[in-house]
Number of protein chains: 2
Amino acid sequence: MLAIGDELLSGRTKDKNIGHLADVLTVAGIDLKEVRIVADEEDAIVEALNALRQRYDYVFTSGGIGPTHDDITADAVSTAFGLPCVHDAEAMRLLGAMYARREMEFTEARQRMARMPQGARHISNPVSTAPGFIVENVYVMAGVPQVFQAMVDNILPELRTGSRMLSRALPCPFGEGDIGTPLTRIQKEHPATSIGSYPKYDGIRFSTEIVVRARNESELEAAAQAIEEMIRSLRASRLPPGIGTDA
Amino acid sequence: MLAIGDELLSGRTKDKNIGHLADVLTVAGIDLKEVRIVADEEDAIVEALNALRQRYDYVFTSGGIGPTHDDITADAVSTAFGLPCVHDAEAMRLLGAMYARREMEFTEARQRMARMPQGARHISNPVSTAPGFIVENVYVMAGVPQVFQAMVDNILPELRTGSRMLSRALPCPFGEGDIGTPLTRIQKEHPATSIGSYPKYDGIRFSTEIVVRARNESELEAAAQAIEEMIRSLRASRLPPGIGTDA
């Protein structure tokens, strides 16, 4: 994924689209492998986009397709693909009709939202009409979260989804320092699973959420049972849960 | 910045460190130029780290320095710099003393938290002792937000900060479609400023926050006045605020 926008790098806007896309892709069985956040600068967008689109099956972008001067994603994507950036006829028609219905002027700025690389396919925008677009394996979407989410819903049916990754979350009252050694052993004994541990800190003590992932239900179950046995054994043999845990 | 962790890419954890670092650096007058998020995979971390550390003055990382098997940031940073990854003597002493005080076993897993590239400097961790570390221009910090934030506070005094970027946020009741054309003109007339517009959508209509940035107070003021004049002029001449606006 490529998130585009000065506002994300200045801290003014806290990104919500990365987490949303991560959730949706995980459920669909598609692994999100890398995210980059770059400024509204053509060179930065072009370079990141070219790196990502050559490396991965899909690239999803957010931001920079609105009507103002700092919205340059359409230009940058066109440059990356060596295509002319044009006012798409169908997008002009859709936007023109929408503004006509609302008795609003279809300003030059608003017409910017119809610009996209020549020949791009549309991503429908049920929220505010101005479409996203698709060029080869690159999906260009809006930065406003409600619009981004609607566009993601619209592209999902056409993506090739992998075999679903199953996952099980196991809350663990012990910190990573207590579970690190036995968890390493369990991971080695269950190589078809991916076991992650995510420390939580409530201001006083650490606990952990352990997540097992696998493509196969019985592999998942076996690893989860081993982890539950580890937690039982820690409870029985050592510190009371939650006391003296750490990360 | 390089945020490290499978949990960020699966959606299980919603990152909070990027936004925090962005806020802190902006206030300090340091421009955050790029963020990457990668998985807990050595090759991915090494490649991203080498790209970022050669391109930028500083690289800040979050995540992957805990005690479990999936915490491989210390190994990856060592590989990136061609340094051996060792149990740092001072970190072993600090952690050993902390666990001794708490009458807890200093397990092999916990000892992993003392590992870092040979010769790295420490970043003090007042929350949970295990230090972050610094190699050349790379600052390696924890992923748990409370610890990350404490470590950022500890490194800030040693960073070379730029001349402070001033900014002014101007709420605008009109959508980007209404302001795009005049705002482009204002940006051209005030080249020493950077003007961004950030659409907001409340479920019914769009409004905008316009942000002017400049290193110079009088440049900032001049551009802000031009924008306020634009908003007054839109109010007077067109739609009532908030009605029929769009993005």
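Worth a mention:
- Matching residues, the range B:180-218, being acidic (D, E) and surrounded by 13 or more Cβ atoms within 10 Å (Cβ to Cβ): B:E209
Table: residues versus (1) touching a residue at least 24 places away in the same chain (Cβ under 8 Å); (2) in contact with a Lys or Arg (Cβ under 6 Å, 6 or more places away or on another chain).
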site: B:C85; (1), (2): yes, yes
site: B:L94; (1), (2): yes, no
site: B:A97; (1), (2): no, no
site: B:P117; (1), (2): yes, no
site: B:N125; (1), (2): yes, no
site: B:P131; (1), (2): yes, no
site: B:Q146; (1), (2): no, no
site: B:R160; (1), (2): yes, no
site: B:L166; (1), (2): yes, no
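- Scanning the range B:93-114 for residues that are touching a helix residue (DSSP H, G or I) at 6+ places or on another chain (Cβ under 9 Å) and either in a loop (DSSP other than H, G, I, E, B) or closer than 23 Å to B:S62 by Cβ (or both) yields B:L95, B:M104, B:E105, B:F106, B:T107, B:A109, B:R110, B:Q111, B:R112, B:M113, B:A114.
- In the set (1) away from chain B (no Cβ under 13 Å); (2) in a helix (DSSP H, G or I), the condition left unmet by A:T61 is number (2).
- Restricting attention to the range A:23-37, the residues that are surrounded by fewer than 24 Cβ atoms within 10 Å (Cβ to Cβ) and either facing chain B (nearest Cβ under 7 Å) or among the polar types (S, T, N, Q) (or both) total 6.
- If you go through the range B:48-57 and keep only what is part of a helix (DSSP H, G or I) and surrounded by fewer than 19 Cβ atoms within 10 Å (Cβ to Cβ), you end up with B:N50, B:A51, B:Q54, B:R55.
- Some residue of the range B:157-172 being under 30 Å from A:Y198 (Cβ atoms), of a type outside the set (K, R) and touching a strand residue (DSSP E or B) at 6+ places or on another chain (Cβ under 6 Å): no
- When the criteria are applied in full, A:I45 meets the requirement of being within 13 Å of chain B (Cβ to nearest Cβ), assigned to a helix (DSSP H, G or I), within 25 Å of B:D15 (Cα to Cα) and at pLDDT 95 or above.
- Of all the numbered requirements in (1) in contact with a helix residue (DSSP H, G or I) (Cβ under 6 Å, 6 or more places away or on another chain); (2) on the phi < 0 side of the Ramachandran plot, B:T129 misses one, and that requirement is (2).
The values are calculated or read from the model by the stated rules, or taken from the named source; none is laboratory data. All values derive from a computational prediction rather than experimental measurement. Every residue, glycine among them, receives a Cβ derived from its backbone with ideal geometry; neighbour counts consider all protein chains shown.
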